[in-house]
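Comments concern the structure below.
The values are calculated or read from the model by the stated rules, or taken from the named source; none is laboratory data. Values in this document were obtained by computation on a predicted structure and should not be read as measured data. Positions of Cβ are backbone-derived with ideal geometry, glycine not excepted, and every protein chain shown enters the neighbour counts. The area values use the complete protein model at the heavy-atom level, side chains included, leaving out ligands, DNA and RNA. Shrake-Rupley method; radii C 1.70, N 1.55, O 1.52, S 1.80 Å.
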2 protein chains.
Amino acid sequence: MNENRERVLDELLQHRDSFLSGEELSKRLSISRTAVWKHIEELRRDGYTINAVRKQGYMIKAVPSSLEVSAIHPFLETEFVGKEMYTYGEVMSTQLIAHEKAKSGAASGTVILADLQTQGKARLGRRWHSPKGTGIWMSLMVKPYLPLSAIPQLTLLTAVALVRGIHQEIGLEVQIKWPNDLLFHGKKLCGILTEVQAEADQVNYVIIGIGMNVNHQEKDFDESLSSIATSLRIEKGKKLDRNKLIAVLLKEWEILYQLYMKQGFSPIKTLWETYALSLGQQITARTVQGNYTGMAKGITDEGILLLEDEQGTIHKIYSADIETPKT
Amino acid sequence: MNENRERVLDELLQHRDSFLSGEELSKRLSISRTAVWKHIEELRRDGYTINAVRKQGYMIKAVPSSLEVSAIHPFLETEFVGKEMYTYGEVMSTQLIAHEKAKSGAASGTVILADLQTQGKARLGRRWHSPKGTGIWMSLMVKPYLPLSAIPQLTLLTAVALVRGIHQEIGLEVQIKWPNDLLFHGKKLCGILTEVQAEADQVNYVIIGIGMNVNHQEKDFDESLSSIATSLRIEKGKKLDRNKLIAVLLKEWEILYQLYMKQGFSPIKTLWETYALSLGQQITARTVQGNYTGMAKGITDEGILLLEDEQGTIHKIYSADIETPKT
């Protein structure tokens with residue numbers, strides 16, 4: 001998009017509840033009022049609904065979703081993942097929709113995408129900041145024949161798939177922080193939330209939620225986030241085509257999933273260890289049962305983190321927040 | 001209940017959608033019309049709603065639930081199990097209600113009971129025959145701090161608790177068939193269905209469904225069931241107080257759960273093996289991946305069945321239907 005047009009759009013989006021006059025826009029952007037009018041016309045052609053009222057100015061009423069099944073499918077080379085796909089402008093959480101779809105009989109491999117999540121879910125009941133149109137807010141639902149104990153492995157598998165997909169598409173080398181974060185130079189790029197609905201001896205469905213910061217600019221992170229979060233755009237220095245990236249990530253996920261279902265966790269574990277941050281380093285694991293400090297030794301065949309404390313005792317860490325010393 | 005009154009009630013229940021004349025009732029039961037009328041009055045006093053229309057007869061409109069929180073609580077000696085309890089006359093499935101309660105913040109230990117399930121759930125999407133007023137159709141919801149891999153242990157723990165509760169209350173020695181059935185002389189008395197909703201590293205809640213045949217008479221089982229199912233009443237030869245039995249079972253469950261949360265699965269495993277059928281015997285395990293025949297060696301520390309085939313290979317059975325040779 002033309003740079004001035006993008007600035008016009010930004011101004012309109014920042015004043016969604018009030019009119020902004022052509023004169024004000026022309027002043028703020030140092031362009032003529034005719035130029036403002038032309039950009040508004042172009043935005044309308046792109047699918048934005050913009051009201052214009054005499055003596056009041058412009059107000060944006062609707063934004064087109066740039067996530068369209070029809071825009072993703074041309075890039076999608078999967079066998080079953082994403083063959084059933086639903087895109088939404090705004091949802092509370094793609095996870096909630098995925099649960100509904102799974103219960104009403106959606107096929108394994110169904111993908112839910114949204115431009116905006118108002119209550120994006122993160123691990124342990126936390127929220128995930130999911131502003132409009134910037135990220136990949138996605139839930140992938142599968143119905144695998146697996147024992148319950150294998151489910152944490154799917155989080156690790158997903159992390160590996162995303163690292164590989166990002167590298168393939170834009171050449172960035174991202175690292176994995178156990179259990180579910182992707183980092184670049186220590187800043188968070190992506191989180192993974194795996195949910196399961198099961199009987200004791202039968203998994204009904206698994207939903208893998210992916211929240212990836214793609215086209216965020218510095219200004220999209222508030223103060224509390226800017227020191228700990230980043231986006232692919234910030235790190236790569238250019239805006240990315242989310243539709244294409246989604247297709248690449250899903251393809252990479254499917255390849256690893258099929259490998260896993262045939263050969264088990266062993267090849268995934270090897271890849272995971274290649275990309276993992278802080279293996280062999282001192283860490284602190286904050287768990288519900290208390291904190292453990294020691295060396296991150298690796299992961300078990302079930303995907304559980306092994307931590308060796310100063311006394312040489314090995315602790316199995318099922319769930320924790322991991323802190324690494326600042327380097 | 002007076003025997004003739006019970007027969008009047010049975011007739012009315014068998015004709016719930018049509019009127020039954022006093023004359024017809026008097027003929028069928030070989031009692032006077034005045035006696036019929038008196039029994040109807042008594043039933044009304046017991047809480048049944050029975051419409052009477054001149055020249056048409058009687059029709060039953062509502063049946064009181066004999067499962068009342070107030071009737072169970074006097075017997076209940078638990079610390080947290082059943083402190084939050086809901087009883088229903090008729091539901092599709094107590095499991096569905098338990099899911100709703102769990103999601104809307106019900107406390108760990110919440111119990112759901114129903115007199116009748118129209119779509120009682122059994123393992124692997126099957127149905128559980130749950131006729132009105134005869135059984136214990138119950139769901140127990142807990143929110144344990146456990147890894148996903150531990151969940152199958154809760155099915156085994158529940159089986160042990162029910163065996164012990166039944167023995168304590170009526171002296172019957174029931175056996176466990178892996179993974180989730182209680183049998184008496186080879187006939188099914190009870191099934192257990194454990195469902196879980198979780199994140200990869202955090203169990204949100206577990207729902208343990210219990211379907212126990214308590215006061216069924218032979219006539220309550222149709223032909224397809226009568227050779228494979230039985231009830232406590234049939235085996236014990238007397239009608240039981242469901243309310244008291246529920247309280248005893250919940251207490252026994254809580255004792256074992258608290259033991260398990262403190263000491264792990266090991267003491268539960270020992271008890272389970274004491275009550276288990278077919279350990280050390282030849283069995284066939286029918287699984288999604290194929291059938292395995294061999295000797296049931298025992299269960300692992302995770303609650304997985306170990307089967308040794310003729311070649312001496314040990315197979316881990318996560319989910320199967322088990323067949324034992326007829327003896």
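Considering only segment A:174-205, how many residues are not small (Gly, Ala, Ser) and not in a strand (DSSP E or B)? Residues that pass the stated criteria total 6. The criterion of being open to solvent by 10 Å² or more (accessible area, probe 1.4 Å) and under 23 Å from residue A:72 (Cα atoms) does not hold for residue A:204.
Only a single item in (1) touching a residue at least 24 places away in the same chain (Cβ under 8 Å); (2) within 30 Å of residue A:41 (Cα to Cα); (3) open to solvent by 10 Å² or more (accessible area, probe 1.4 Å) is not met by residue A:114, and it is number (3). Restricting attention to segment B:123-173, the residues that are part of a strand (DSSP E or B), crowded, with 24+ Cβ neighbours inside 10 Å and within 14 Å of chain A (Cβ to nearest Cβ) add up to 2. It is to be established whether one or more residues within segment A:237-248 are among the small types (Gly, Ala, Ser) and part of a helix (DSSP H, G or I). There is at least one residue in segment A:237-248 that is among the small types (Gly, Ala, Ser) and part of a helix (DSSP H, G or I).
The condition (being open to solvent by 80 Å² or more (accessible area, probe 1.4 Å) and charged (D, E, K, R)) is satisfied by just one residue among B:23, B:68: B:23. What about residue B:212, is it outside any loop (DSSP other than H, G, I, E, B), among the aliphatic types (A, V, I, L, M) and open to solvent by 30 Å² or more (accessible area, probe 1.4 Å)? No; evaluated as a whole, the condition is false for this residue. When you scan segment B:260-283, do you find a residue that is touching a His at 6+ places or on another chain (Cβ under 6 Å) and open to solvent by 50 Å² or more (accessible area, probe 1.4 Å), even just one? No, segment B:260-283 contains no residue that is touching a His at 6+ places or on another chain (Cβ under 6 Å) and open to solvent by 50 Å² or more (accessible area, probe 1.4 Å).
Is it true that some residue in segment B:231-248 is of a type in the set (A, V, I, L, M), without any contact (Cβ under 8 Å) to a residue 24 or more places away in the chain, away from chain A (no Cβ under 14 Å) and open to solvent by 20 Å² or more (accessible area, probe 1.4 Å)?
So far as segment B:231-248 goes, yes, one or more of its residues are of a type in the set (A, V, I, L, M), without any contact (Cβ under 8 Å) to a residue 24 or more places away in the chain, away from chain A (no Cβ under 14 Å) and open to solvent by 20 Å² or more (accessible area, probe 1.4 Å).
Of all residues in segment A:11-33, which are touching a helix residue (DSSP H, G or I) at 6+ places or on another chain (Cβ under 9 Å) and assigned to a helix (DSSP H, G or I)? Those that are touching a helix residue (DSSP H, G or I) at 6+ places or on another chain (Cβ under 9 Å) and assigned to a helix (DSSP H, G or I): A:11, A:12, A:22, A:23, A:24, A:25, A:26, A:28, A:29, A:33.
When segment A:215-230 is limited to residues that are part of a loop (DSSP other than H, G, I, E, B) and not hydrophobic (A, V, I, L, M, F, W, C), the one that is farthest from the other protein chains (Cβ to nearest Cβ) turns out to be A:217.
Answer with yes or no whether residue A:323 is among the acidic types (Asp, Glu), buried (at least 16 other Cβ atoms within 10 Å of the Cβ) and at pLDDT below 95.
Criteria not met by residue A:323.
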